[in-house]
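Read the structure below first, then the notes.
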2 protein chains.
Amino acid sequence: MPTYKAPLREFKFLFRNVLHIERHANLPGFADAPMDLVEQVLEEGAKFCENVLQPLNAVGDHEGCKRAPDGSVTTPTGFKDAYKLLVEGGWPALGSDPAYGGQGLPHVVSLAWNEMVSSANMAFGMYPGLSHGAYEAIHHHGSDEQRQAYLPKLVSGEWTGTMNLTEPHCGTDLGLLRTKAIPQADGSHRISGQKIFISAGEHDLASNIIHLVLARIEGAPAGVKGISLFVVPKFLLDANGEPGQRNGVVCGKIEEKMGIHGNATCVLNYDDAVGYLVGQENKGLNAMFTMMNVARLGVGMQGLAQSEAAYQNGVIYARDRLQGRSLTGPKNAAGPADPIIVHPDVRRMLMDARAFNEGARAFCFWTSLYGDLLTYSPDEKVREKAGDYMALMTPVLKGYLTDKGYATATNCQQIYGGHGYIEEWGMSQFVRDARIAQIYEGANGIQALDLVGRKLAANGGRAVFTFFNEIDAFIGDNADDPQMKPYLDGLTSAKAQLQDGTMWLMQNGMSNFDNAGAASHDYLHLFGITALAYMWALMARAALDAKKVNGADPFYDVKLVTGRHFVERMLPDAAAHLTKLKSGSETLMALPADAF
Amino acid sequence: MPTYKAPLREFKFLFRNVLHIERHANLPGFADAPMDLVEQVLEEGAKFCENVLQPLNAVGDHEGCKRAPDGSVTTPTGFKDAYKLLVEGGWPALGSDPAYGGQGLPHVVSLAWNEMVSSANMAFGMYPGLSHGAYEAIHHHGSDEQRQAYLPKLVSGEWTGTMNLTEPHCGTDLGLLRTKAIPQADGSHRISGQKIFISAGEHDLASNIIHLVLARIEGAPAGVKGISLFVVPKFLLDANGEPGQRNGVVCGKIEEKMGIHGNATCVLNYDDAVGYLVGQENKGLNAMFTMMNVARLGVGMQGLAQSEAAYQNGVIYARDRLQGRSLTGPKNAAGPADPIIVHPDVRRMLMDARAFNEGARAFCFWTSLYGDLLTYSPDEKVREKAGDYMALMTPVLKGYLTDKGYATATNCQQIYGGHGYIEEWGMSQFVRDARIAQIYEGANGIQALDLVGRKLAANGGRAVFTFFNEIDAFIGDNADDPQMKPYLDGLTSAKAQLQDGTMWLMQNGMSNFDNAGAASHDYLHLFGITALAYMWALMARAALDAKKVNGADPFYDVKLVTGRHFVERMLPDAAAHLTKLKSGSETLMALPADAF
């Protein structure tokens, strides 16, 4: 059975040595979260994830969720008790607004919590995860009355939430959506239509489920400009604000999926359900998009989280499994064979996963800190940069981390040989669960298009040029330190290639949009590699500095070796992506559709 | 529900235009297989795969195999009838020796049949596939008596076979195996021990199962030099050669796996089972290895086969699914949206799969033809080259085709968005089934080690230098044809990089074997890309020649575009692999095992 240990030391290193979170102690949220307290909270959270959630991961995969003929849904054995403990522990409130009972910790802190949850039990974590999405929607766009009605119980976890976008005939292209909303005399609407792929859509964990639903008000314009956002509680609230009459929304089916079996992915049928408009009429898509950055960052993190869990279990097996001998002579001569971790190719798979995980985690936290600065900084310049970075990095982070996390999780499964293919060992689940993160919350092709089509060109490319300048400045500041050379060489090379790709896009993507589309995937990956190269340079700097203070701690040397691995064995893909993206769209678009 | 159309036109192109099989009409096997007949046979085979096997693919995945308490195993609904039709159609006999009832067709022909079976229903195809492995073992190493006893019924399919290597504590490192064989007065042995991961190990399709089992004769030397091969029928043969008394081998468990659910992966418990030595005492591993080239080529083909099935269904969805608009203006203005095949990034995923599939198929058939030449050619020089190529190409083909086939199948699943994650649509199954091919028949890391540690250096590198010379000659012969330029440029670049990597290995891999191990994966992929670049150059040549005869057929233009895609968008990975492999083993080996 797989195990999980939360990477608390990694969190500490990032918070203290890399991101220097204490420098932001003047900001709201941060002010109440000195590092000692944060680390205590995360230590407690780690215990919960390791001891309560992780043991239920395989159970959830094996049992899945069950729908009764009346549309009610039962979650896997143990989920209900675990959810109760989650709520009692106050965990759903971690990053939420104190005005509604939240603890108001910075997002960068709650992200660490979310990573642990996701590594321990991704399918379970999606229940509170979706609630947070609903919380964000109502918090940002709801009326005061709606906030008062829904937020305290979403924050406490007494109720959960969902996001309803997809319909059978439309996912990416929400302009096609048909779910309709008919205005009522009392100001409410009646919602009818079918939504599919609704995560955590129906279950037995909470006393109410708050659905956020995109629908088209009768007579609204066609396309995306006629979409409004509604809150549709499973149980309408009674005079005391408690769940009362059952609303007209029923789970019609649970989908059988490749993974995340412990989460109920529902077809939800809305039949004259009472809904309340959130924000302005016909501005529903905008309301949805404001939440997307946070949600997409969270999904990117899921790619890393599954890769981390797979890595940890890959290491255990590689140290335990005795098979064959080292190529350079026995390393366990007294035993029948050497542990397979002596083999360079096994180490390649482990080190790839490790270098990815640590770089990806840094990238998540670094980006997330800009999310906090965007929210809390009093400095307009800081907020501008933070907003630029959040917008630019979100698709990169979502796309690159989930593609790569799936690949590294698959490699860690490979270390198990035949045992990796047998469900009993749990490695297959990491791969199957990780797979969804490439698809949902905007498939990765959509992320790539968002990056090249929207984010890159915004404000004349201000965000990407700020990023280039930041990297140049860092390289300049560290150029005299010979110990930084491998990391700076890697970063310099990656950045030059990303700049080259950016220029190519600016010259060729505007004149022929198909060139931009054809380049988008490879550009996103080139960007992701460059971002991780920068993270590794930041981490190398931090490790070298920390070594001066505490040279005896092997943590920093391991970090420096792992960073070298990234430069030597993962960064070279940058060149391949650049060559591919510069090949343009001609060949891709050459064949008529019926020639495929 | 997914569908499948056998790529008959592709087979024809390869046989006639690329491999010019008719040139070998003087050889046994080929003599009786004029192309018209071969194509007729494959057409019939295609119908069987499309109409009988493919509709059972999802059934097999969904139902899996069921073990009763007595150890008997029931295959999924429909498998038994389909197997009966398979036998009645004479399909298992296709590539087998006429002396035992086989049809004696060249291996390159039976490979086309196997590809269709595997695309249509990989789990089903493993039952006759494993039988063929047992057939090969007995055919090559069995006594006359054993051949007479077992081969006719393995060839007809009346009985099936299995290969028993793995035990709980040993897979790759067979030297550790413990299953023991005790000699009996009558010359037979009694076999006891546990074997795991035995594909097609127990089922209800055939009246007998012929297990080929590696075991250690009492008192034999430790390690690989004490392993012998035995034939252990499920039912001992009676005086008439028919299944009689039940032998002491029982299925103890069916494994729950990530995929290939329709195939029974068994734990087989041998308890004093009667077995008969095949070949010489203590030479069992050699006997097993002679079959490995053929088996590994077949597994490489499975990677391609799943990618092909996933591609075909990816195309259907991409043409049907209306979502969003082309970046260059509506292409289906009358409809609510454009089909997603208008999007360059969707095409990237399709074209990657297609360019891989066609290149990989050519590589399979090209290699397989050398297998036939090795068997049938009267010319010693030809046989030497054929043997060299079979040995060298087998690990490349197995490793590269299964890694890449998994990746392209995953991309085709991605085209389906959320629907790709739902089991109902069938795309998940292609990915889950494809995954095993990277693991079994020697995990791909073992293939890579076999390549750099054994195959490359054999006979002073004769095989690889022959390959380089062949490529140089081809480039020289075609250098004057401007239409060949893109393909030759790609091939020249890939070959130069492979040569560079080969030199690096020769200089650094011998002095430090860990350098060879550290380079092995990337070297294998670099080799695979170069092999496909050569295949694409051969196919471009063939397409250009064929166009002169039949210019109106769009088949050849599509082929030429697809080859350009390979050069532009897949071949650039070669450079990344070269850079990585030349980074050596130092960083990989730097950390102590407990630092992971």
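Structure values in brief
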| read-out | value |
| --- | --- |
| Rounded percent of accessible protein surface that carbon and sulfur make up, the stretch B:160-282, 1.4 Å probe | 49 percent |
| For the stretch A:271-421: accessible area per residue (Å², 1.4 Å) | 28 Å² |
| log10 of Debye I(q)/I(0), alpha-carbon scatterers only, for the stretch A:410-531 at 0.14 Å⁻¹ | -0.78 |
| Sites B:Arg246 and B:Gln184, calculated FRET efficiency, Cβ-Cβ separation with R0 30 Å, nearest 0.05 | 0.95 |
| Beta carbon of chain B nearest to the axis of the rotation taking B to A, residue and angstrom distance | B:Ala576, 2 |
| Within the accessible area of the stretch A:457-584 (1.4 Å probe), percent carbon and sulfur | 56 percent |
| Cβ-vector label at 7 Å, B:Ala222, separations to other copies in nm | 7.9 |
| Accessible area buried between chains A and B, both sides summed, probe 1.4 Å, in Å² to nearest 100 | 8100 Å² |
| Separation of the A:Lys381 and A:Glu281 label points, Cα + 7 Å toward Cβ, nm | 4.5 nm |
| For the protein assembly as shown, calculated [θ]222 nm from helices alone, where every DSSP H run of n ≥ 4 adds -39500 (n - 2.57) | -18000 deg cm²/dmol |
| Degrees between helix A:35-48 axis and first principal axis of chain A (Cα, 0 to 90, nearest 10) | 80 degrees |
| Mean Cβ neighbour count within 10 Å, used as a protection proxy, ranking A:443-454, A:356-367, A:176-187 highest first | A:356-367, A:443-454, A:176-187 |
| Rounded to 10°, Cα long-axis angle of helix B:79-88 versus longest principal axis of chain B | 90 degrees |
| Threshold 40 Å² - residues in the stretch B:331-351 whose accessible area is reduced by that much or more when the chain is no longer isolated, probe 1.4 Å | B:Pro344, B:Asp345, B:Arg347, B:Arg348, B:Met351 |
| Calculated FRET value between B:Glu88 and B:Glu256, using beta carbons and R₀ = 35 Å, to 0.05 | 0.60 |
| Over chain B, relative contact order from alpha-carbon pairs under 8 Å, at least 6 apart, % | 12 percent |
| C-alpha long axis of helix B:554-565 to longest principal axis of chain B, angle in ° | 90 degrees |
| The stretch B:457-584 - percent relative contact order, Cα under 8 Å, separation 6 or more | 33 percent |
| Computed over the stretch A:347-460, the ratio Rg/Rh where both radii use C-alpha atoms and Rh is Kirkwood | 1.09 |
| Anisotropy class of the stretch A:160-282 from Cα gyration tensor, a/c 1.5 cut | oblate |
| Label spacing, shortest first and in nm, from B:Ser72 to its equivalents in the remaining copies (7 angstrom along Cα→Cβ) | 4.1 |
| Bridge type composition, the protein assembly as shown - antiparallel percent by DSSP, nearest 5 | 85 percent |
| Cut-off under 5 Å, modelled amide H: who pairs with A:Val278 long-range | A:Leu229, A:Phe230, A:Val231 |
| Threshold 10 Å², the stretch B:391-421 residues less accessible with all protein chains present than alone (1.4 Å probe) | B:Tyr406, B:Thr410, B:Gln413, B:Gln414, B:Gly417, B:Gly418, B:His419, B:Tyr421 |
| Distance-filtered residues of the stretch B:345-359 - backbone nitrogen under 19 Å, label point 7 angstrom along B:Asp553 Cα→Cβ | B:358-359 |
| Gyration tensor verdict on the stretch A:488-529 (Cα atoms; rounded if a/c is under 1.5, prolate if a/b is larger than b/c, oblate otherwise) | oblate |
| Within the stretch B:468-482: backbone nitrogen closer than 17 Å to the B:Arg23 label point (7 Å, Cα to C-beta) | B:468-479 |
| The stretch A:297-341 residues near the modelled B:Ala222 label - backbone nitrogen below 20 Å, point 7 Å along Cα→Cβ | A:321-340 |
| B:Lys12-B:Met506 pseudo-label distance in nm [points 7 Å out on the Cα-to-Cβ vector] | 4.4 nm |
| Accessible area per residue in Å² at 1.4 Å probe, computed on the stretch A:120-261 | 34 Å² |
| Share of carbon and sulfur in the accessible heavy-atom surface of the stretch A:1-143 [1.4 Å probe, %] | 54 percent |
| Accessible area of the stretch B:457-584 divided out per residue, in Å², using a probe of 1.4 angstrom | 35 Å² |
| Copy-to-copy label separations for A:Glu44, where each label sits 7 Å from Cα toward Cβ, in nm and ascending | 7.5 |
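The values are calculated or read from the model by the stated rules, or taken from the named source; none is laboratory data. As the structure is a prediction and not an experimental result, all values here were calculated from the model. No Cβ is skipped: glycine too gets one built from the backbone with ideal geometry, and neighbour counts run over all protein chains shown. Side chains are part of the model used for accessible areas, which takes the heavy atoms of the whole protein and leaves out ligands, DNA and RNA. Shrake-Rupley method; radii C 1.70, N 1.55, O 1.52, S 1.80 Å.
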